[in-house]
1. Strictly over 31 Å apart at the Cα level, which of LYS79/LYS129; LYS298/LYS381; LYS129/LYS264; LYS214/LYS264; LYS79/LYS381 would you flag in this model?
2. Among GLY29, GLY108, ILE150, whose Cα lies farthest out toward the positive end of the dipole of segment 1-154, if unit charges sit on the beta carbon of Lys, Arg (+1) and Asp, Glu (-1)?
3. Could you state the orientation-averaged shadow area of the convex hull built on the Cα atoms of segment 215-339, in nm² to one decimal?
4. Using unit Cβ charges (K, R positive; D, E negative) and no other charged atoms, how large, in debye to the nearest 20, is the dipole of segment 73-169 about its Cα centre?
5. Of the candidates PHE52, PHE31, PHE180, which one comes out as most mobile in a Gaussian network treatment of the chain with C-alpha springs shorter than 10 Å?
6. Let me have the 222 nm mean residue ellipticity of the chain computed from DSSP H runs of 4+ only, each contributing -39500 (n - 2.57), with the sum over all residues rounded to the nearest 500.
7. Using a cut-off of 15 Å between beta-carbons, work out the net charge of the residues near VAL187 (Lys and Arg +1, Asp and Glu -1, VAL187 not included).
8. Based on the alpha-carbon set only, what is the convex hull volume of segment 1-142 divided per residue, in Å³?
Amino acid sequence: MFVMLLALLVSGIPLAFVTLLVALIFALGWFGPMVVPLITSRVYSFVSSFVFVSVPMFVLMAAILDRSGIARDLFDAMKLIGGRLRGGVAIQTIIVAVILAAMSGIIGGEVVLLGLVALPQMLRLGYDKHLAIGVVCAGGALGTMVPPSIVLIIYGLTANVSVGDLFTAAFVPGLMLAGFYVTYVLVRAYLNPAIAPIPEGEQTSNAEKLRLLKGLILPLTVVAGVLGSIYGGIASVTEASAVGVAGVLLSTVVRGEFTFELLKGAALQTLQTVGMIVWIGIGASALVGVFNLMGGIKFVSALISGISENPTIILLFMMLILFVLGMFLDWVGIALLTMPIFVPIIKELGYDPVWFGVLFCMNMQVSFLSPPFGPAAFYLKSVAPPGITLATIFRSLLPFIAMQILAVAILIFAPWITGR
């Protein structure tokens, strides 16, 4: 099954269709036509989950943000914080990335937005291009960790754990990772001032400061509406996602940017993204279902558990598998293919599945930046100035990958950070 999956993937067929095709071949060949209704019932239970409705909502939020000037104004407003600080523009980029992540949690949109808004600004001010590129890609990828993260929602669906609990557990680790980035920028900037110069002669008047502050009001109100309604127990994750869409739409109306063309473009982009996620979900659900029927889960459990008596070594082995898969597959496929197998083993070892979900998300952070197929690098390449090659981008990401691996290690040996 694994060899066929690999061979078809290498041939260039999309993951969703490969998984579905392999599932059908093995289901019909191993059990006969009678097993097909079992596959369809698994698929139905995946796509009919109420929490799943929040995925298109958060994608729609990101698509509307992408088309409005909210992110640009938010970045400009952060000048008041970055201001005269060495490395200030890089730090304001990371803070903007955290706020954008807390608004929608879509990685591709964030990297592209920051690549269009922040990267030219840093390069214009004379920042080291490697530092600027790393900050944009790593900051944009924070959408994986900072709630409301779609990675956490999909994990919650596949592992059958509360998405609200996952959001609460991921909040501090997400901010911890952002803190690592800020510390790295400050240390590098003070050790070598030439890589992050302070803007000269840019004085901001009080009237300008007031105008810039207005750019903070709408995004922070949306963040407060989404996260406040979840953590305050007012709304479920699905309901909060609808609050977020309403908030972003209202923001575009208030700013005078709302058009039906904007809404249509955002809706079509959402349809494209969510269509891909649903198809991968259908294929992976079917494949895992057939794999379990054939006794695959017992085989893998015995294989992984047989590596060592020590639960930590088994956990590290799982992290290594996820890390390697992250180099070649996207996170949706990894979550839907591996979590139904890994989570029962994790529970058997006595670990908390919510904590493991945060660990999985932190691991997926690495996959967004790691070569050869790190999606964040390709997203940035699509909007980067002509002189910036993929090789330059991947080289710039190495220190940030090291910080992400450090964060994974800290979470493994200090699980209390998640509050679990």
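1. Numbers: LYS79/LYS129 20 Å; LYS298/LYS381 43 Å; LYS129/LYS264 36 Å; LYS214/LYS264 27 Å; LYS79/LYS381 26 Å.
Where the Cα-Cα span goes over 31 Å, the pairs concerned are LYS298/LYS381; LYS129/LYS264.
2. It is GLY108, whose Cα lies furthest towards the positive end.
3. Working: hull surface 46.7 nm².
Here the figure is 11.7 nm², rounded to one decimal.
4. Numbers: 5 positive and 5 negative charges, 77 e Å.
So the magnitude is around 360 debye.
5. The residue with the greatest mean-square fluctuation here is PHE31.
6. On the way: 20 runs with 318 residues, N = 420.
After summing the helix terms and dividing by the residues of the chain, the value is -25000 deg cm²/dmol.
7. Once positives and negatives cancel, what remains is +1.
8. Numbers: hull volume 19.9 nm³, N = 142.
For segment 1-142, the hull spanned by Cα atoms encloses 140 Å³ per residue.
The values are calculated or read from the model by the stated rules, or taken from the named source; none is laboratory data. Quick caveat: nothing in here was measured; it's all calculated off a predicted structure. Counting neighbours? That spans all protein chains shown, and the Cβs are built from the backbone with ideal geometry, glycine included. Only protein heavy atoms, including side chains, enter the accessible area calculation; ligands, DNA and RNA are left aside. Shrake-Rupley method; radii C 1.70, N 1.55, O 1.52, S 1.80 Å.
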